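Laboratory data are not the source of any read-out in this text; all were calculated from the coordinates shown. Fair warning: this is a prediction, and the values are worked out from it, not measured in the lab. Backbone-built Cβ (ideal geometry, glycine too); neighbour counts: all protein chains shown.
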Amino acid sequence: MVHTAETLRRRENKGRGFVRPGNDGVLDPVGALREQRERAIDRRRRRKDTAETRRRRENRAGRANPHLILSASRCLGSKLVSIVAAVIACTLAPACLWASFADDVHALVAHGELTTADRLVRAAQSQAGPNSEVAAAMSWLARGALAAKQLDRADAYASETRKLSQSLLGMRRIDADPWLPTAVGASIEVHADVLAARGEIPEALMYLREQLQAWRGTSLEERISKNINLLSLEGKPAPPLEGFSLSALRGRPALLFFWAHWCPDCKADVPILAAAAQKFAPKGLTLIGPTRLYGYVAGGDPAPPAVEKQYIEQVRQRYYAPLGNFPHPVSAANFQAYGASTTPTIVLVDRAGIVRYYHPGAVTAPELDAHIQAILR
């Protein structure tokens, strides 16, 4: 089954908090800020914040240009002055713990202020020079233009993001930088989405597969696989799972729920999944919950695999008890095979082992029920 690019993008973005159901192309700032907090926690895990670092950051933030803030406030009015002020402060202090320049550009794009976000990115680029956080912020401009169906503008931002990222990358590993995976991943995704939106799906798939080979062994692998799957997985045999045999289901349909211990949207989907399991389990539906290790536990504290597995079990018992004792194989290979860079990711496999529904992001109860009923017929 081949979807239009717009259908695919709306399906994915609803789960990410960018598009409100029934309101095509409208960015959701609440979802954007929720994702901002999740990324901030992950950055805190990777980059411990010393008192000296905080002191230097606060001093730099205190030197933000008040004239630039005033100019931005005149453009936006009072509604977004606080966001713009935070953007300007973090332009000069990119190591902010709970906010960052890129995250605040994300928030501006989520409010539909793409032109203002562009001006602020250009101002940051002029003041601080090219850096990886500017590249990540620019990637949000590309995604905002894509959501607004400005395909040429989106592709131009994606191209600029990719060139800037490549110039910064040099001989470094991409995952050694906290921002470049976001920037490069988004530039690849947006260019492929632009191709698909223009009806060039074979070209989009060819491009994504080339990029998958180029970025094997990096954090971009799952994200690129996800975009390939969005365009091509439905109607194909389900990839095998490590730690659980789909063939052992012997003709029963399966609901795969890819989740992460840190994921709030996964927890929010529990009532929907529990209701579906209760309703359709008597008809043979089996719930499987693949997850993976991330190298940390509560509060972003680093943890070895054995400790993190214990933590995963604690989270499962505390938040996912309504789903029962569902099998939950722990494997990064499953996330790579299914391109589950977005959590949750929902996959429905029919009695013949064919994928009938592939959905990165949160799902609504009516949508999930309709797709389950379709595979049970």
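Annotations
- Under Karplus coefficients 6.51, -1.76 and 1.60, residue-wise ³J(HN,Hα) of segment 361-377 in Hz, glycine/proline x: x, 5, 10, 8, 4, x, 5, 5, 4, 4, 6, 5, 4, 5, 7, 8, 5
- Cα-projected label distance for S167 with I354, points at 7 Å along beta-carbon direction, nm: 4.9 nm
- Mean separation of Cα pairs under 8 Å and 6 or more residues apart, divided by the residue count, gives segment 246-376 a relative contact order of 36 percent.
- Bins of 5 Å, starting at 0 and running to the largest distance - Cα pair percent for segment 104-188: 3, 18, 27, 27, 16, 7, 2, 0
- In a DSSP loop and with at most 11 other Cβ atoms within 10 Å, the trypsin sites (Lys or Arg not before Pro) in segment 175-263 are R216, R250.
- Shape of segment 231-291, Cα gyration tensor, a/c cut at 1.5: oblate
- Rounded to 0.05, the FRET efficiency of the A214 and K149 pair, given R0 = 35 Å and the Cβ-Cβ distance, is 0.80.
- Enclosed volume per residue, in Å³, of the convex hull spanned by Cα atoms of segment 257-373: 100 Å³
- Between amide H atoms placed 1.01 Å from N, distances below 5 Å from Y296 occur with A303, all of them 5 or more places distant or on a separate chain.
- In segment 163-227, the C-alpha radius of gyration followed by the widest Cα-Cα span (Dmax) gives 12.0, 36 angstrom.
- Over all pairs of different C-alpha atoms in segment 310-377, the reciprocal of the mean inverse distance, the Kirkwood hydrodynamic radius, equals 13.8 Å.
- Rounded if a/c under 1.5, otherwise prolate or oblate - segment 158-316, Cα gyration tensor axes: oblate
- For q = 0.15, 0.21, 0.24 Å⁻¹, Debye-computed log10 I/I(0) when each Cα of segment 296-343 counts as one equal scatterer: -0.49, -0.93, -1.10
- Fully extending the segment from E367 to E203 would add 56.1 nm, taking 0.36 nm per residue of separation and subtracting the current Cα-Cα distance.
- Relative contact order (%) - criterion: Cα under 8 Å, at least six apart; region: segment 294-366: 16 percent
- Measuring between alpha carbons in the structure, the pairs from K163/K236; K163/K267; K226/K309; K283/K309; K236/K279 lying more than 30 angstrom apart are K163/K236; K163/K267; K283/K309.
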